[in-house]
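Read the structure below first, then the notes.
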Amino acid sequence: MSLYDLPRPAAVPPADPATTEPIPGQKAALETAAVAGRRAADWLRSLPGPPGNPITGDLADAVQEATAGLDPADCDDVGRYGEGGVPQALRERLDVAYGLPTAEWFSPAHRAVIVAVTGCVLAMPKALANDPISAVEEDLPALCAMLDSTVDVLAAAASDV
């Protein structure tokens, strides 16, 4: 019996994003996400707290940057890995698990909404990287609606006080 080393298959180069055709509804979905993210970021910036705190500063900026940078072409069609246009460093800035519990100047309601906002924003690139077509058609509109609703609920509660 003879053993042969078979040649390895050539690596398939990733698709050039410039040649990838847009998904129907992609432009509108990405614009809606950017608007919802900008609105959520503005809400975060309006929260009470000491000047220079990371929630009203860096986190608000990260929310706006992440929703403005979403990219359905930033995925690996084979393994469904990718960043959806939001690099790891930016996703780390959206992680509120460490700073939020010690932010005593926020009410529990504020903290819950901050977690909801970051959860929606973090889900957007994951959905795009996993299944760009479903994300554009279903996930992004739903996540934008949740993001808008979250901000609306707390804004209404703040105006009642």
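The values are calculated or read from the model by the stated rules, or taken from the named source; none is laboratory data. What you are looking at is a predicted structure, and each value in this text was computed from that prediction instead of being measured. Ideal geometry is used to build each Cβ from the backbone, glycine not excepted, and the neighbour counts take in all protein chains shown. Heavy atoms of the whole protein, side chains included, go into the accessibility calculation; ligands, DNA and RNA do not. Shrake-Rupley method; radii C 1.70, N 1.55, O 1.52, S 1.80 Å.
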> So between SER46 and LYS126, what do we pick up on full extension, going 0.36 nm a residue minus the alpha carbon distance?
Replying inline: 26.0 nm
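Can you give me the relative contact order of segment 61-161 as a percent, contacts being Cα pairs under 8 Å and 6 or more apart?
Normalised by residue count, the contact order of segment 61-161 is 31 percent.
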>> Using a 1.4 Å probe on the protein heavy atoms only, what accessible surface does LEU30 show? Give it in Å² to the nearest 10.
In response: 40 Å²
>> Bins of 5 Å, beginning at zero and ending with the bin holding the largest distance: percent of Cα pairs per bin for segment 62-161, please.
In response: 2, 13, 21, 21, 18, 12, 7, 4, 1, 0, 0
> Using a simple spin-label model with points 7 Å from Cα along the Cα→Cβ vector, what separation in nm is obtained for VAL153 and GLU21?
Replying inline: 4.0 nm
>> Quick check on packing: order 105-114, 56-65 by the mean number of other C-beta atoms within 10 Å, highest mean leading.
In response: 56-65, 105-114
>> Per residue, how large is the accessible surface of segment 75-138? Use a 1.4 angstrom probe and give square angstrom.
In response: 53 Å²
